[in-house]
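Here the structure comes first, spelled out in structure tokens, and everything after it is commentary.
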Amino acid sequence: MKHFFLKPTLALCAITVFLSCKTEPKTSTISDVDSVAESKKVNVFFQKAFDKQVELNPEFQTRLGIKTDYGKLNDNSPEAEVRDLKINEAYLVWLTDSVNVDALSEDALLSYTLFKQRVEHSINDYKYRLHNYPVNQMHGAQSGKPAFLINMHRIDNVADAEAYISRLEAFKTYFSQLVENLKAREDIGVMPPKFVYDKVIQDSENILVGQPFDESDSQSTLLKDFTKKVNALDIDDAEKTILEQKAKIALLEFVKPAYSGLIAFMRAQKERANTDHGAWKFPDGEAFYNNAIRRTTTTDLTANEIHNIGLSEVARIHKEMDAIRTRVGFDGTLQEFFQFMKTDQQFYYPTTAEGKAAYLDKAVHIIDSMKTRLDEIFITKPKTDIMVKAVEPFREKSAGKAFYNRPAADGSRPGIYYANLYDMSMMPTYQMEALAYHEGIPGHHMQLAIQQELENVHMFRKFGGYTAYTEGWGLYSEFVPKEMGFYSDPYSDFGRLAMELWRACRLVVDTGIHAKKWTREEGIKYYTDNTPNAELDAIKMVERHIVMPGQATAYKIGMLKILELRNKANEALGDKFDVREFHEVVLSHGAIPLNVLEDFVDNYIASKTENSDI
């Protein structure tokens with residue numbers, strides 16, 4: 001999950017708007033009137049900052065259900081990054097010099113602390129702005145922009161259709177900026193390893209297959225989406241034909257050159273790339289990676305500490321899996337049991353249309369079953385629904401195993417749990433429950449939909465994110481159903497452990513690659529030696545580590561902290577402990593750093609124990 005970054009339009013504009021709020025001199029005694037006034041002042045600031053973020057990001061507008069700049073894409077230029085740096089610097093000056101922190105209400109102080117920390121991080125991390133791969137097999141414009149149009153751009157009228165066409169035309173500028181950004185990274189020695197290139201090129205070429213790019217009978221991915229949406233409009237056929245022709249022209253004159261330019265650049269740069277995989281190869285790579293894991297985990301854990309936590313968790317989970325091996329009567333070693341789980345066809349749907357449909361139906365059933373039990377463990381529940389969807393064919397080969405897209409803020413679009421059904425050997429039935437709980441309910445959909453629906457919480461917090469919190473909750477949500485009596489099939493419980501084991505291995509392999517100079521092959525071998533997952537699963541995971549340094553450490557670190565805090569509350573409160581109240585504490589403030597979450601849990605414990613006999 002990505003953090004929310006503030007991107008105001010011009011530093012001068014922001015200074016004029018935000019620094020016009022004057023602060024009264026701080027006093028030693030803060031009256032209620034002063035507190036209300038100061039809190040109101042910073043609340044106005046937060047809202048204006050969020051509004052500016054929305055104003056400057058047309059794609060974010062669309063995700064919110066706003067159609068103000070419906071025909072535009074985001075600015076992808078270096079100038080936009082400089083602009084954002086300057087405005088964040090102006091924000092920090094205002095936050096530091098113009099706010100009486102002592103006068104803020106408790107909630108306003110939390111928002112102030114989180115906002116200020118993010119601004120400081122954005123400023124401090126500007127030096128690492130080129131330490132990433134803007135296109136790779138996991139994400140990037142080559143697949144992200146088509147996915148955005150398909151999943152986010154609604155066509156409710158002719159104007160929306162014209163806006164879709166305008167966005168197609170904007171591909172050319174956006175991709176030109178993208179290629180320039182890739183060149184800037186190469187200038188300082190930041191290039192993806194060789195394996196990335198063919199995957200990005202293939203994703204790109206997939207968009208250029210079908211009409212109007214060739215003479216085949218089928219439409220290309222984007223034309224098919226556009227035509228389907230336009231055909232649903234209540235307009236005459238002649239107008240639909242005109243719109244379709246405009247879309248074809250935009251695809252040929254703007255989209256095709258955009259992709260052709262990217263493909264040509266990637267093919268040329270591939271010849272200059274090498275097979276070094278870790279972030280250690282970047283300028284100041286060690287410092288960059290240490291910073292990355294601090295940002296990701298919201299802790300001060302070192303790479304070596306994270307690595308050792310992973311090793312310890314792998315050993316523990318292996319013991320629990322071995323107990324299941326014994327329970328089901330498998331005569332052999334744990335490694336032999338892994339091989340059995342990898343290869344026995346009873347655990348896999350066929351890679352056919354029927355097999356894929358059956359998988360999706362089963363996933364829906366799992367989520368629907370959990371919905372009926374939510375009152376047992378939650379007080380607040382999301383109003384927005386969730387749907388299950390297969391990853392689209394144009395990106396399924398390179399996309400991850402499963403992921404979640406949050407609902408539209410206005411409720412016009414449900415949350416989406418994406419399952420990647422490209423290769424059914426990577427989607428064993430014994431992992432279906434854990435996957436659905438993680439991505440859907442009570443996992444990401446529960447947390448993110450509730451976060452967006454929170455009242456009296458600033459917009460920047462509703463749409464912000466801390467990976468350790470969000471993914472820690474997702475992994476914790478795989479465990480909670482176990483306590484509710486789910487995973488009744490021992491093989492399904494094995495699948496739960498397999499998923500947790502996978503995240504424990506991530507701690508080992510991510511730090512291994514980026515801090516200990518492991519090779520791609522060493523990382524793959526660690527997964528295949530220690531998990532029951534298919535080799536292709538291991539390859540994809542290691543390649544994900546390589547292009548997203550530190551990100552995968554968030555899951556297990558976040559889960560362990562949530563479990564630690566729950567155990568702490570349980571031990572302190574005894575019979576007064578209510579898991580529903582604990583979950584309310586965890587979810588009722590939106591995404592927060594783990595240390596802040598701990599403060600809230602401590603306050604919860606104190607409030608329950610005050611004037612009691614505990």
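Here are the numbers:
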item: Helices (runs of 4 or more DSSP H) (entirely within the stretch 203-292) containing at least 2 residues that are modelled with pLDDT of 95 or more and acidic (Asp, Glu); result: 237-250
item: Residue check, residue 462 at pLDDT 95 or above and of a type in the set (D, E, K, R); result: no
item: Residue count, the stretch 339-364 (criterion: over 15 Å from residue 428 (Cα atoms) and either basic (Lys, Arg) or surrounded by 13 or more Cβ atoms within 10 Å (Cβ to Cβ) (or both)); result: 1
item: Hits in the stretch 280-305 (condition: farther than 24 Å from residue 592 by Cα and touching a His at 6+ places or on another chain (Cβ under 7 Å)); result: 280, 282
item: Meets criteria (of a type in the set (Asp, Glu) and in contact with a Phe, Trp or Tyr (Cβ under 9 Å, 6 or more places away or on another chain)) for residue 354; result: no
item: Criterion: part of a helix (DSSP H, G or I) and either touching a strand residue (DSSP E or B) at 6+ places or on another chain (Cβ under 8 Å) or surrounded by fewer than 17 Cβ atoms within 10 Å (Cβ to Cβ) (or both) - qualifying residue of 164, 126, 112, 91; result: 126
item: Criterion (closer than 29 Å to residue 603 by Cα, in contact with a His (Cβ under 8 Å, 6 or more places away or on another chain) and touching a residue at least 12 places away in the same chain (Cβ under 8 Å)) met by exactly one of 111, 105; result: 111
item: Qualifying residue in the stretch 243-258 (condition: farther than 30 Å from residue 118 by Cα, of a type in the set (Gly, Ala, Ser), touching a residue at least 24 places away in the same chain (Cβ under 8 Å) and surrounded by fewer than 18 Cβ atoms within 10 Å (Cβ to Cβ)); result: no
item: One residue from 411, 464 being part of a loop (DSSP other than H, G, I, E, B), within 15 Å of the chain's Cα centre (by Cα) and within 30 Å of residue 108 (Cβ to Cβ); result: 464
item: Top-ranked residue in the stretch 337-373 [being in a helix (DSSP H, G or I) and of a type in the set (Val, Ile, Thr); ranked as nearest to residue 440 (Cα to Cα)]; result: 367
item: Residues of the stretch 431-448 classified as crowded, with 23+ Cβ neighbours inside 10 Å and either in contact with a His (Cβ under 7 Å, 6 or more places away or on another chain) or in a helix (DSSP H, G or I) (or both), total; result: 12
item: The listed residue being under 26 Å from residue 457 (Cα atoms) and modelled with pLDDT of 95 or more, out of 95, 130, 110; result: 95
item: Selected residue (only one of 182, 222 is farther than 30 Å from residue 512 by Cβ and outside the structural domain of residue 391 (by TED's automatic domain parsing)); result: 222
item: Boolean, residue 543 is touching a residue at least 12 places away in the same chain (Cβ under 8 Å), under 14 Å from residue 475 (Cα atoms) and either under 23 Å from the mean Cα position of the chain (by Cα) or not in a helix (DSSP H, G or I) (or both); result: no
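Condition check ((1) assigned to a helix (DSSP H, G or I); (2) of a type in the set (A, V, I, L, M, F, W, C); (3) out of contact with any helix residue (DSSP H, G or I) (no Cβ under 9 Å at 6 or more places or on another chain); (4) touching a residue at least 12 places away in the same chain (Cβ under 8 Å)) across all residues:
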{"site": "451", "(1), (2), (3), (4)": "yes, no, no, yes"}
{"site": "470", "(1), (2), (3), (4)": "yes, no, no, yes"}
{"site": "497", "(1), (2), (3), (4)": "yes, yes, no, yes"}
{"site": "511", "(1), (2), (3), (4)": "yes, no, no, yes"}
{"site": "524", "(1), (2), (3), (4)": "yes, yes, no, yes"}
{"site": "533", "(1), (2), (3), (4)": "no, no, no, yes"}
{"site": "537", "(1), (2), (3), (4)": "yes, no, no, yes"}
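The values are calculated or read from the model by the stated rules, or taken from the named source; none is laboratory data. Only a predicted model underlies this, so the values are computations on that prediction, with no experimental measurement involved. Using ideal geometry, Cβ is built from the backbone for each residue, glycine included, and neighbour counts are taken over all protein chains shown.
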